[in-house]
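What follows is one structure encoded as structure tokens, with my remarks underneath.
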Amino acid sequence: MAKRLIPVLLLLLLAVGIQTLIPLISGELTIANPYLAVLVTLAMRGGRLGGVVWGTFLGLVSDAYFSPYIGFHGMTFCVIGYLLGWLGSKLLITGILPMAFFAWGAYVADATAVAGLYRLLGLPLASPFWISVLLGSLITATLAAIFELPARRLFRKGHP
């Protein structure tokens, strides 16, 4: 059990560290989402159930950092985690580039779903919304590629 939990905790600590350092570099919260990048890494290895569990957990953590409303990212991360887990169980996907591509798509899907929820409730969106989504998706894809490097070594013999 500990052999399966230690790699996951190391990835989560890396995500928390990056999330903590980003405001120090940019001076404010950024549009990048390191928790979504970790979700891609964990869900692709953990299957559908792992994707749902990690999606819900990381989505709620992401809501705590980024959103004044709890549940928006939690719900979308749960669905994205399920889909990524399903893809990971059906396809043999290895490499940094596919993980970055899936993280890019997951970020765009999350931003679109959250923007739809905001619009449905009549809440305002940030003014250059799609520019922020494009930039955030590229940074999150880069973070997923960075997380994939240690994940390869940490998850050599099994899934999270």
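The values are calculated or read from the model by the stated rules, or taken from the named source; none is laboratory data. Every value quoted in this text rests on a predicted model; they were computed, and no experiment measured them. Glycine also receives a Cβ, built like all others from the backbone with ideal geometry; neighbour counts cover every protein chain displayed. For the accessible areas, the whole protein counts, side chains as well, though only heavy atoms, and no ligand, DNA or RNA atoms are used. Shrake-Rupley method; radii C 1.70, N 1.55, O 1.52, S 1.80 Å.
Here are the numbers for this structure:
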| item | result |
| --- | --- |
| Any hit, the stretch 107-128, residues being among the small types (Gly, Ala, Ser), surrounded by 18 or more Cβ atoms within 10 Å (Cβ to Cβ) and at pLDDT below 95 | yes |
| Single unsatisfied condition, Leu138 versus (1) at pLDDT 85 or above; (2) more than 16 Å from Tyr35 (Cβ to Cβ); (3) in contact with a Gly (Cβ under 9 Å, 6 or more places away or on another chain); (4) surrounded by fewer than 20 Cβ atoms within 10 Å (Cβ to Cβ) | (3) |
| Residue in the stretch 97-106 that is surrounded by fewer than 13 Cβ atoms within 10 Å (Cβ to Cβ), free of Cβ contacts under 8 Å to residues at least 60 places away in the same chain and touching a helix residue (DSSP H, G or I) at 6+ places or on another chain (Cβ under 8 Å) present | yes |
| Test for Val40: is it open to solvent by less than 40 Å² (accessible area, probe 1.4 Å), in contact with a Phe, Trp or Tyr (Cβ under 6 Å, 6 or more places away or on another chain) and over 23 Å from Phe155 (Cβ atoms) | no |
| Any pair with Cβ under 9 angstrom, 6 or more apart, that starts in the stretch 108-130 at a residue that is more than 15 Å from Phe77 (Cβ to Cβ) and ends at one that is open to solvent by less than 60 Å² (accessible area, probe 1.4 Å) and not hydrophobic (A, V, I, L, M, F, W, C) | Pro124/Tyr118; Leu125/Tyr118; Ala126/Ser132 |
